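The values are calculated or read from the model by the stated rules, or taken from the named source; none is laboratory data. Keep in mind that what you see is a predicted model, and the values were worked out from it rather than measured. A quick note on method: Cβ atoms are made from the backbone with ideal geometry, for glycine too, and the neighbour counts reach across all protein chains shown. Calculation scope for accessible area: heavy atoms of the full protein, side chains included, ligands and nucleic acids excluded. Shrake-Rupley method; radii C 1.70, N 1.55, O 1.52, S 1.80 Å.
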Amino acid sequence: QVQLVESGGGLVQPGGSLRLSCAASGSIISIYTMGWYRQAPGKQREWVADITRGGRTNYADSVKGRFTISRDNAKKTVYLQMNSLKPEDTAVYYCNAVIVSSGQYAGTDYWGQGTQVSVSS
């Protein structure tokens, strides 16, 4: 059984920073792309950023220059450093990873349970 567990959400003032973490656990053979998505109230889930196993990163235009995604392959963990936060960044943030687990021959999408990020004065 593979699990993704996020941490690091909370309430922050506009202009502030937060760092999200997402750790994968279970019978993992390999982790490919890891990423972050978010869903604001009344809106569809949207892609925020992702990072390949080799470290190549991609960002949504709305967060480019403010957010930084990174990963520690040894720890099976992906991070999202969020700076210069705006009220419109308020959302539940979900971790996603493509993982090959024991007994599988292809990658499967896994999701974390989500962590709330609220940006308000």
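Quick grid of which residues meet (1) in contact with a Cys (Cβ under 9 Å, 6 or more places away or on another chain); (2) under 22 Å from residue 117 (Cα atoms); (3) basic (Lys, Arg):
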position: 53; (1), (2), (3): no, no, yes
position: 67; (1), (2), (3): no, yes, no
position: 72; (1), (2), (3): no, no, no
position: 84; (1), (2), (3): no, yes, no
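Listed here are the residues, each with its yes/no results for (1) more than 13 Å from residue 78 (Cβ to Cβ); (2) in a strand (DSSP E or B).
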site: 1; (1), (2): yes, no
site: 6; (1), (2): no, yes
site: 16; (1), (2): yes, no
site: 24; (1), (2): no, yes
site: 29; (1), (2): yes, yes
site: 36; (1), (2): no, yes
In this structure, does residue 48 turn out to be under 27 Å from residue 13 (Cα atoms), of a type in the set (A, V, I, L, M, F, W, C), at pLDDT 95 or above and part of a loop (DSSP other than H, G, I, E, B)? no
Among what's in the stretch 27-52 and is within 14 Å of the chain's Cα centre (by Cα) and either more than 18 Å from residue 108 (Cα to Cα) or free of Cβ contacts under 8 Å to residues at least 12 places away in the same chain (or both), pick the residue that is most open to solvent (accessible area, probe 1.4 Å). 45
Looking only at residues that are touching a Ser or Thr at 6+ places or on another chain (Cβ under 6 Å) and of a type in the set (A, V, I, L, M) in the stretch 1-15, which one is least open to solvent (accessible area, probe 1.4 Å)? 2
With respect to residue 55, determine if the residue is under 15 Å from the mean Cα position of the chain (by Cα), small (Gly, Ala, Ser) and on the phi > 0 side of the Ramachandran plot. yes
Please pick out the residue among 58, 73, 83 that is closer than 14 Å to residue 8 by Cβ and open to solvent by 20 Å² or more (accessible area, probe 1.4 Å). 83
Please pick out the residue among 84, 118 that is in a loop (DSSP other than H, G, I, E, B), in contact with a Ser or Thr (Cβ under 9 Å, 6 or more places away or on another chain), touching a residue at least 60 places away in the same chain (Cβ under 8 Å) and more than 23 Å from residue 27 (Cβ to Cβ). 84
